[in-house]
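The values are calculated or read from the model by the stated rules, or taken from the named source; none is laboratory data. On a predicted model such as this, the values are computed, not experimentally measured, just so you know. Methodologically, a virtual Cβ is constructed for each residue, glycine included, from the backbone with ideal geometry; neighbour enumeration extends over all protein chains shown.
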Amino acid sequence: MLNLFRRKKPRRVLVIGLDCAPPAVLFKTGQEHPLGLKDQLPNLSHLIDEGIYGPLSSSIPCITVPAWTSMFTGKDPGVLGFYGFRNRADYSYDKMFIATANAIHEKRVWEILTEADKTSVVVGVPQTYPIKPLKGYLVSSFLTPSTDRQYTFPHELRYEIDRVLDGQPYDVDVPQFRTEDKDHLLKQIWEMTEKRFAVIKYLLREKPWDFFVFVEIGLDRIHHGMWKFWDPAHPKHEPGNPYQNAIPDYYRYLDREIGEILGMLDDDTAVLVVSDHGAKAMEGGFAINEWLRKEGLLVLKDDLPYEGLVPFEKVEVDWEKTTAWGAGGYYARIFLNVEGREPLGKIPARDYEKVRDQIKEMIEALPDHEGKPMGSVAFKPEEVYREVRNVPPDLMVYLGNLRWRSVGSFGLPDLYTFENDTGPDDANHDQDGVFVLWEPRKDHGGRYVEGLQLMDVASTVLDLMGLPIPPDMQGRVVPR
Ligand SMILES: [Zn+2]
């Protein structure tokens, strides 16, 4: 009998996903940090001050795909078997696969809840396209090719969204966030987010649910597109520029919407605020393949036509003479050309570890554009994952602790570049995102905790809802 009384009452849980939200912005006031907005975000502050909060360490790599899926499966990217959006499909040189929802073979929280006969509403969570059925309602995310395709579950939900938006199209993303037309970018981000919140509030009001999760991608887009206008630490920042308040204005708007949502909840709903990674000023880009070429590790068949940028896919690599090649992005991936593994492998299999260690050392010793230590770190997949499935990069590299991005293209005049080969982008991802847990009728007094990891979110949600944690989930329940 006693056990019955002690059993925690199953709760409903709302997860507010703010793609790319960094701890300093939400957790610090303007007095405490140049980017601190806590004193201007009353609703988020309320959750923090009564809740448990702290930095949430992302996956390695700290990229939207795989991060959100790692969060909601409680599995690391090695177990998931994808290491980014684009992945090597096999050990050939060019076959890639895109990690859509079809690439996910582990259960996410709402799939576990479906089996437990609980109802979920899922809006904007990455890797939910193509649509998979669940008990509940789903609106897919960025990476949905077009809303002309099925982007909701059930399919008919799209007609309700049409009505909510008065026939305006629902935006899964902004079409191009790496643009110089900042006014247009801002307009698109605001419109997209306003529409999303209209849909979220409609679903909160009209649908039954035990678990509700949404992710707003607009925050990631505004960070990448507008960061230099805001952050005084950005090398291109100009004080007093006309876009100085673009990002804080958007945060204040998100906070108002969150305030409205909190007002719609019953007294039995716990709230989590989480992000998949943080953001920081991007110093510049480092031409990873050009560097490998200069080091003699990557050999091309012809001299390059130095007429502008040439993407890696467009050059002819002399594979028989090539030891390693790389890929661009917010972090660098390095692939080794191994005998018996790659079609024209050069590194004898017995030398694999030796060569990998040499390249790791070389990368970690790289100087920055001023000759100072860059502070780069190269990770070996088997050292950071419980298991390594499919084809991981041989090394995953945070250049300058993520202050530098990786440029895969050739044809830059220098190894260091301050323009992005894929369009203007001022922010890089940072390892730490945010975690806030607020419980109704329980004041945690704004307890700050360290050491939280993305995968803890899945276990914590299930625990809040009174459900058992599957033993293969890698996260732990956040103590409360
Ligand atoms: Zn993200």
Those residues of the range 68-81 which are crowded, with 24+ Cβ neighbours inside 10 Å, of a type outside the set (Lys, Arg) and at negative phi, in sequence order: Trp68, Thr69, Ser70, Met71, Phe72, Thr73, Pro77, Leu80
Residue under evaluation Arg196, criteria (1) surrounded by fewer than 21 Cβ atoms within 10 Å (Cβ to Cβ); (2) within 17 Å of Thr144 (Cβ to Cβ); (3) within 16 Å of the ligand (Cβ to nearest atom), criterion not met: (1)
The residue that is farthest from Asp183 (Cα to Cα), considering only those in the range 226-279 that are away from the ligand (no atom under 16 Å from the Cβ), part of a strand (DSSP E or B) and of a type outside the set (Ser, Thr, Tyr), is Ala270
Conditions (1) over 23 Å from Glu439 (Cβ atoms); (2) buried (at least 18 other Cβ atoms within 10 Å of the Cβ); (3) not charged (D, E, K, R): number failed by Met96: (2)
Quick one: is Val436 at pLDDT 95 or above and within 26 Å of Ile247 (Cβ to Cβ)? yes
Quick check: is even one residue across the range 293-303 surrounded by 21 or more Cβ atoms within 10 Å (Cβ to Cβ) and free of Cβ contacts under 8 Å to residues at least 60 places away in the same chain? yes
Residues of the range 115-131 being more than 16 Å from the ligand (Cβ to nearest atom) and within 13 Å of Phe72 (Cβ to Cβ), in sequence order, are Ser120, Val122
Please go through the range 423-437 and give me each residue that is closer than 9 Å to Gly54 by Cα and away from the ligand (no atom under 13 Å from the Cβ), ordered by number. Phe435, Val436
Could you say whether any residue in the range 74-93 is within 16 Å of the ligand (Cβ to nearest atom) and polar (S, T, N, Q)? no
Look at the range 149-184 and say how many of its residues are under 16 Å from Gly423 (Cβ atoms), under 20 Å from the mean Cα position of the chain (by Cα) and not polar (S, T, N, Q). 5
Considering the range 142-170 alone, what residues qualify as being farther than 21 Å from Glu206 by Cα and either crowded, with 19+ Cβ neighbours inside 10 Å or acidic (Asp, Glu) (or both)? Phe142, Leu143, Thr144, Asp148
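Taking the options Pro413, Pro468, name whichever one is free of Cβ contacts under 8 Å to residues at least 24 places away in the same chain, touching a helix residue (DSSP H, G or I) at 6+ places or on another chain (Cβ under 9 Å), not in a strand (DSSP E or B) and not basic (Lys, Arg). I'd like the intermediate steps shown before the answer.
Working: Pro413 fails: touching a helix residue (DSSP H, G or I) at 6+ places or on another chain (Cβ under 9 Å).
Result: Pro468 is the single residue among Pro413, Pro468 that is free of Cβ contacts under 8 Å to residues at least 24 places away in the same chain, touching a helix residue (DSSP H, G or I) at 6+ places or on another chain (Cβ under 9 Å), not in a strand (DSSP E or B) and not basic (Lys, Arg).
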